[in-house]
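Notes for the one structure printed next.
The values are calculated or read from the model by the stated rules, or taken from the named source; none is laboratory data. Since we're looking at a predicted model, the values are computed, not measured. Because the Cβ atoms are built from the backbone with ideal geometry, glycine has one as well, and the counts that use them run over all protein chains shown. Ligands, DNA and RNA are excluded from the accessible area calculation, which covers all protein heavy atoms including side chains. Shrake-Rupley method; radii C 1.70, N 1.55, O 1.52, S 1.80 Å.
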Amino acid sequence: IYRRNFHFPISFLKELCTLCMQTHIAQLCVTTWRSLLIKGITQPDRIHWERLLGKYNINLRHSSNELNWVIEDIN
């Protein structure tokens, strides 16, 4: 889950934790690239996650222009 400013609404975080408990996900990982990783989402539970993210208009991926820092200037 990606947010440009890494600010997630408290209501989203509460719903995220509730959904994690309902779907038996026990670990959330935070990255240095302003992302939150949730591992272990099963295919049947995916629709619940998509609804939650859509409700708060949260992206699943980084935009490509924000990942361009990896490419050297000459290339």
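Looking only at residues that are closer than 15 Å to Leu60 by Cβ and assigned to a loop (DSSP other than H, G, I, E, B) in the stretch 9-39, which one is least open to solvent (accessible area, probe 1.4 Å)?
Thr31
Which condition does Trp69 not pass, out of (1) surrounded by 12 or more Cβ atoms within 10 Å (Cβ to Cβ); (2) at pLDDT below 70, if it passes all the others?
The failed condition is (1).
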